[in-house]
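Structure first, then comments.
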Amino acid sequence: MEKLVIDNVELVLAHPVAVKAEWIGQGEPMRQILACWMVLGEGDFPLTPRVIGHPGIGKTTLAMAAARARGQDVYIMQCTSDTRPEDLLVTPVLSDQGKISYHASPLLTAAIKGGIAILDEGNRMSEKSWASLAGLFDNRRMAESVAAGITVTAHKEFRAAVTMNEDSSTFEIPDYIMSRLQPGIKIPFPDREDEMKILTYSLPFSGEEILLMCVDYLQKAHGLELPYSVRDGINIIRYALKMKESGEKAGVDALFAKAVSQILGEDSLDLDKQAQNRKMSGIDLSSMSLGDYFFSDDEDLNPDIDDDDDDGEPLIPGINTFDDDKD
């Protein structure tokens, strides 16, 4: 347990994580994140990028692999809707002897030690929590802990990245924070060749038949814009192989289908139907006006219907709506 004294306050530092991540394929996102962490000269400071993509697509793996390429320790901070400002910096802990000790978060430890911090799923945090980090991610490069009463200036080698999922269960990050989390690095779904390489690397004990079956499934899902990732594929294959090893007598096709059904849901067996259902249920209710709830599209009283007739003149209900009957 490493400790450090800052402004007469003893901090217990967090431990870095062991980096075993390999980034396979898609060299452009790796190049972009490494470019963000460069410093060009006196007066320049590193950027803190947002790594954006669907869950399971490899955002954290990319950031960890980039840190490994730089040869720096990695500290991961898992963000949730319950993350408090003190969780991000210093947390007071009361021991059984009644003594308070101050524990630095993985993020603050990275800033102190000159490591790389990954804020995982950062858009699950509230604005109050983000506000405590504003000074750390701009040119000030410093953070103030109210709980411990100390101010920490970041090590010159400190770098950070924030991963963000593309789903609806997240907070909207305020503009003054977003301006500090730039640029956005988008990770698309891998192509067929890269996806096969990732599955082969992650599942060296798997046979080629089920790997190809999984790649076919995932590539079709990507083409239909369904949010199934390579992590889903890895879990499907692992479960199918475990069922086979446990004595299940079904063939590979049946085992794969059963694994898909139990992991992603029965609807996921028919990707075309699921894509159609998602499209039909994805109506933007926020774009509907009050009139849409009371009037059909062709009723004159609906304020959203086209208010011009064929001659380009405005239609006034009861006056010129029925111009065709004037004769």
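Residues in region 20-33 that are closer than 17 Å to ASP73 by Cβ and surrounded by fewer than 15 Cβ atoms within 10 Å (Cβ to Cβ): LYS20 only.
Residues in region 25-61 that are in a loop (DSSP other than H, G, I, E, B), within 14 Å of ILE198 (Cβ to Cβ) and out of contact with any Ser or Thr (no Cβ under 9 Å at 6 or more places or on another chain): GLY25, GLN26.
Per the listing VAL215, VAL146, the residue uniquely of a type outside the set (D, E, K, R) and surrounded by fewer than 14 Cβ atoms within 10 Å (Cβ to Cβ) is VAL146. Among the candidates GLY43, GLY53, which residue alone is in contact with a helix residue (DSSP H, G or I) (Cβ under 7 Å, 6 or more places away or on another chain) and over 16 Å from GLY115 (Cβ atoms)? Just a single option satisfies the conditions, and that option is GLY53.
Only residues that are touching a Leu at 6+ places or on another chain (Cβ under 8 Å) and over 16 Å from GLN262 (Cβ atoms) were counted across region 230-247, and they come to 1. You will find that of ASN165, ASN139, the residue that is surrounded by 14 or more Cβ atoms within 10 Å (Cβ to Cβ) and either touching a residue at least 12 places away in the same chain (Cβ under 8 Å) or not small (Gly, Ala, Ser) (or both) is ASN165 and no other. Scan region 21-29 and tell me whether some residue there is closer than 27 Å to TYR176 by Cα and not aliphatic (A, V, I, L, M). For region 21-29, residues closer than 27 Å to TYR176 by Cα and not aliphatic (A, V, I, L, M): present.
Whenever a residue of region 180-199 is touching a residue at least 24 places away in the same chain (Cβ under 8 Å), its partners that are of a type in the set (Asp, Glu) and surrounded by 13 or more Cβ atoms within 10 Å (Cβ to Cβ), lying with C-beta atoms within less than 8 angstrom and at least six residues away or across chains, give the pairs ARG180/ASP138; PHE189/GLU195.
Listed conditions (1) over 24 Å from the mean Cα position of the chain (by Cα); (2) open to solvent by 40 Å² or more (accessible area, probe 1.4 Å); (3) among the basic types (Lys, Arg) are all met by LYS186, apart from (1). Is there a residue in region 48-67 that is surrounded by fewer than 23 Cβ atoms within 10 Å (Cβ to Cβ) and over 20 Å from the mean Cα position of the chain (by Cα)? The answer is no; no qualifying residue exists.
Just one of the listed residues (ILE177, ILE185, ILE198, ILE210) is part of a strand (DSSP E or B) and not acidic (Asp, Glu), and it is ILE185. Among the residues of region 125-173, those that are more than 30 Å from PRO55 (Cβ to Cβ) and among the β-branched types (Val, Ile, Thr) comprise VAL146, ILE150, THR151, VAL152, THR153.
The values are calculated or read from the model by the stated rules, or taken from the named source; none is laboratory data. Keep in mind that what you see is a predicted model, and the values were worked out from it rather than measured. So basically every Cβ, Gly included, is an ideal-geometry build from the backbone, and we count neighbours across all protein chains shown. All accessible areas refer to the heavy atoms of the entire protein, side chains included, with ligands and DNA or RNA removed. Shrake-Rupley method; radii C 1.70, N 1.55, O 1.52, S 1.80 Å.
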